[in-house]
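Quick notes on the structure that follows.
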Amino acid sequence: MSKAGIIDIGSNTVVLIIYDSIDPIHVEQYYSEPVRLVSYNHDGHMAQEGIDKTLEVLQQYKEILKDANVTDVGAFITEPWRHLDNTEELLNGLGKSGFVIEPLSGRQEAEYDFLGSRMDCSDIETGNAFDVGGGSSELISFRNGEIQEALSLPIGAVRLCQLPIDPSIPEQYLKEAFVKAPRLLDIPSDTIIGIGGTARATGLLAQELYPNEPITLSLVETMLENLLKEDPSTITAMKNVISPGRWPVLAPGMNMLAGIMRAYHAKNLRVSEGCVREGYLIAHHKN
């Protein structure tokens, strides 16, 4: 295939990836800007400043794609467009970039997440997966390679920054989630699949601090505790392997990640390199 570009407008970052291969998937260029669009959502109204900042990034990405001769471009927005009183204003404003931006529902985001995870976790045919994003968290249970249940929670790492980093916080949200979608708990999950930025950052930190060790719940809790204590070696490791834009949301995101592992009684975390972007790419390039 010719080169393809995917633009992912999320709650924390706006990402552009240029792929030069889809079978297998291969990334040629990666760009990420920590716009934190969700922080401009004031009681369900997206501030013009957030729209303008995002549009500025999209215009920069348009030039990058032009210079790279990429004309096959897919663009979508995840949680930030949901539950607004000015959704049309947001989408029209971002559309001034010239990109056709697809607003994804929580269910669609979960489906693309799962499809993306199949690129390196397809050996786990039955189990559970999750994505702790900036503004939302997706929970997915699957059987024989097919989604059984999926739910998107309107809480993610950026919004969690405003709440105490305490085990009771994810416990509360997950308890409500399982009431809404009890089938999420039907399948035991000794190893749970982590998708997206929070899971990848957790995996990078674990590899830096504990090379080649499995990512257990105990290890995640230890790293989180050390981050909160500002343990020098843990902070140094974070700065070595994680981009600065993710530093402020890492501990809140990891708190949610640990809560999900506890809720599923998962002993180990398997981090997928694929996520919603790869799932979207695969879905839109099927023969």
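The values are calculated or read from the model by the stated rules, or taken from the named source; none is laboratory data. Predicted model, so just to flag it, every value in this text is computed and none were measured. Note: ideal-geometry Cβ built from the backbone for every residue, glycine included; neighbour counts use all protein chains shown. Note: areas computed on protein heavy atoms with side chains; ligands, DNA, RNA excluded. Shrake-Rupley method; radii C 1.70, N 1.55, O 1.52, S 1.80 Å.
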Distribution of pairwise C-alpha distances over region 67-171, 10 Å bins, in %
13, 34, 33, 18, 2
Can you show me the helix-derived [θ] at 222 nm for the chain, built from DSSP H runs with n ≥ 4 at -39,500 (n - 2.57) apiece and divided by the number of residues, rounded to the nearest 500.
-13500 deg cm²/dmol
What does the charge add up to near residue 73, with Lys and Arg as +1, Asp and Glu as -1, over the other residues with Cβ less than 11 Å from its Cβ?
+2
Please compute the per residue accessible area over the chain with all protein chains in place, 1.4 Å probe, rounded to a whole number of Å².
45 Å²
Residue-ordered couplings for region 253-259, obtained by feeding phi - 60° into the Karplus form 6.51 cos²θ - 1.76 cosθ + 1.60 and rounding to whole Hz (Gly and Pro as x), are x, 5, 5, 5, 4, 5, x
What is the local net charge at residue 237, summed over the other residues whose Cβ is closer than 10 Å to its Cβ (Lys, Arg +1; Asp, Glu -1)?
-1
Tell me whether region 1-141 comes out rounded, prolate or oblate; compute the Cα gyration tensor, take square roots of the eigenvalues as a ≥ b ≥ c, and use a/c under 1.5 as the rounded threshold.
oblate
Per the 1/(1 + (r/R0)^6) rule, R0 = 30 Å and r from the Cβ atoms of residue 123 and residue 28, FRET efficiency to 0.05 is 0.65
Whose amide H sits under 5 Å from the amide H of residue 29, counting only residues 5 or more places off or on another chain, with H placed in the peptide plane?
18
Cα→Cβ-extended label distance, 7 Å offset, between residue 240 and residue 176, nm
3.9 nm
What net charge is computed for the residues neighbouring residue 143, neighbours being all others with C-beta under 9 Å from the C-beta of residue 143, Lys and Arg scored +1, Asp and Glu -1?
-3
Enter the Cα centre distance for the pair region 89-150 and region 246-287, rounded to the nearest angstrom.
10 Å
For residue 87, what accessible area in Å² do you get when you roll a 1.4 Å probe over the heavy atoms of the protein chains, rounding to the nearest 10?
30 Å²
Can you give me the % of accessible surface on region 51-115 that is carbon or sulfur? Probe 1.4 Å, all protein chains present, nothing else counted.
48 percent
Give me the extension gain from residue 228 to residue 212: residue separation times 0.36 nm, minus the current Cα-Cα distance, reported in nm with one decimal.
3.4 nm
Given labels modelled 7 Å from the Cα in the Cβ direction, how far is it in nm from residue 247 to residue 221?
2.8 nm
Scoring the chain by relative contact order with C-alpha pairs under 8 Å, at least six apart, yields a percentage of 20 percent
Carbon plus sulfur fraction of accessible area for region 242-287, probe 1.4 Å, in percent:
52 percent
State the extension gain, in nm to one decimal, for the chain segment bounded by residue 166 and residue 67, taking 0.36 nm per residue of separation less the distance between their alpha-carbons.
31.0 nm
Rounded if a/c is under 1.5, else prolate if a/b beats b/c, else oblate: with a ≥ b ≥ c from the C-alpha gyration tensor eigenvalues square-rooted, which is region 170-287?
oblate
Given axes a ≥ b ≥ c from the Cα gyration tensor, I'd like to know whether region 135-225 is rounded (a/c under 1.5), prolate (a/b larger than b/c) or oblate.
oblate
Karplus (6.51, -1.76, 1.60) ³J(HN,Hα), θ = phi - 60°, over region 212-220, in Hz, Gly and Pro reported as x:
6, 8, x, 8, 8, 4, 4, 5, 4
Once each part is reduced to its C-alpha centroid, what is the distance from region 205-229 to region 21-44 in angstrom?
25 Å
Using the Karplus curve 6.51 cos²θ - 1.76 cosθ + 1.60 with θ = phi - 60°, work out ³J(HN,Hα) for each residue of region 260-277 in order, rounded to whole Hz, and write x for Gly and Pro.
5, 4, 5, 4, 8, 6, 7, 7, 9, 10, 10, 8, 8, 7, x, 8, 4, 5
Could you calculate the contour length gain from residue 265 to residue 143, that is, 0.36 nm times the residue separation minus the distance between their Cα atoms, to one decimal place in nm?
42.1 nm
Which GluC sites (Glu not before Pro) from region 100-151 combine a DSSP loop assignment with at most 16 other Cβ atoms within 10 Å?
125
